[in-house]
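One structure is given below, encoded as structure tokens.
The values are calculated or read from the model by the stated rules, or taken from the named source; none is laboratory data. Quick caveat, the model's predicted, so the values are computed rather than measured. Cβ atoms come from the backbone with ideal geometry, glycine included; neighbour counts cover every protein chain shown.
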Amino acid sequence: MPNGRPSRMRGVLGVAADVASIACALALLLLIFSSLRLARTLSGMQGRARAVAAAMPPPDRVAAGRTSAVMGELTLSETAVRPDRATVAVIEFGDYECSYCGRFAREGFPKLEHTYLQPGRVAFDFRHYPLTTIHTQALPAAKAAECARSQGQYWTMHHALFAQPGSLARPDLVARAASLHLDRGSFETCLADNAPGRIARDMVEGTRLGVRSVPTFFGGDLAPDGRVQLRWRVGGASFEALQDAIERLLDRSPQ
């Protein structure tokens, strides 16, 4: 039959088309299935990542409230709050842009001052530990405090910086210095110094003692020459945790 071969060809081509259609449909189903699995996997990974991130404390609040024994020695600065009869000292490592340091300065320090500093029971000092990777204005603020120290206004500037943590840009620092009646020319020259020696020394001391977050407090026995034999370290802005450590230190310290 003359038309037999073309008919058979059309039949073969039809079968091939059907097979191709089925193959395409299977491939499409496989692609959809793989995409759904990938989406579920990514969603699960993102969920776990969010859970891990939520469980991680902020960088400046790690080990908050924990007290641990520590050995080492620090020496009080010339501007430390040092009552004559204090035999115990607390030294804070902090950062002027740290929200928890600011909270302690505004809420915890007045309690510390009223309970221990004014009655002459405890000495207090501050060390710079700016977390420059997350707090871009912490180092300039620390320099501003040191520039004020050179003009005899360290603690005034220290408290002023913590009182307005959102105003740490250079114009704010210069304006604050003016409000404290500091010599503007000397202050600005000091602020432009790229080698703040005391700040660098404080950071080296803190790193040596294991500071990883701020605020971190160290407490110990105070010698007449200003040396502090360290006994403990407390992390976080909780005054209650700090007070508990101070009381235990006072209980074993000669009065």
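At-a-glance table
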{"read-out": "Residue satisfying all of: in the range 190-237; touching a residue at least 60 places away in the same chain (Cβ under 8 Å) and assigned to a helix (DSSP H, G or I); surrounded by the most Cβ atoms within 10 Å (Cβ to Cβ) among these", "value": "D202"}
{"read-out": "Lone unmet requirement of (1) without any contact (Cβ under 8 Å) to a residue 60 or more places away in the chain; (2) touching a Ser or Thr at 6+ places or on another chain (Cβ under 9 Å) for E247", "value": "(2)"}
{"read-out": "Output for the range 123-179, where each listed residue is more than 17 Å from the chain's Cα centre (by Cα) and in a strand (DSSP E or B)", "value": "A123, F124, D125"}
{"read-out": "Residue ID - nearest to F162 (Cα to Cα), chosen from residues in the range 91-120 that are in contact with a Lys or Arg (Cβ under 8 Å, 6 or more places away or on another chain) and not in a helix (DSSP H, G or I)", "value": "G94"}
{"read-out": "Cβ pairs under 7 Å, 6+ apart, first in the range 68-80 and assigned by TED's automatic domain parsing to the domain that holds R227, second surrounded by 15 or more Cβ atoms within 10 Å (Cβ to Cβ) and assigned to a loop (DSSP other than H, G, I, E, B)", "value": "V70/L209; G72/L209; T75/G226; L76/R82; L76/G226"}
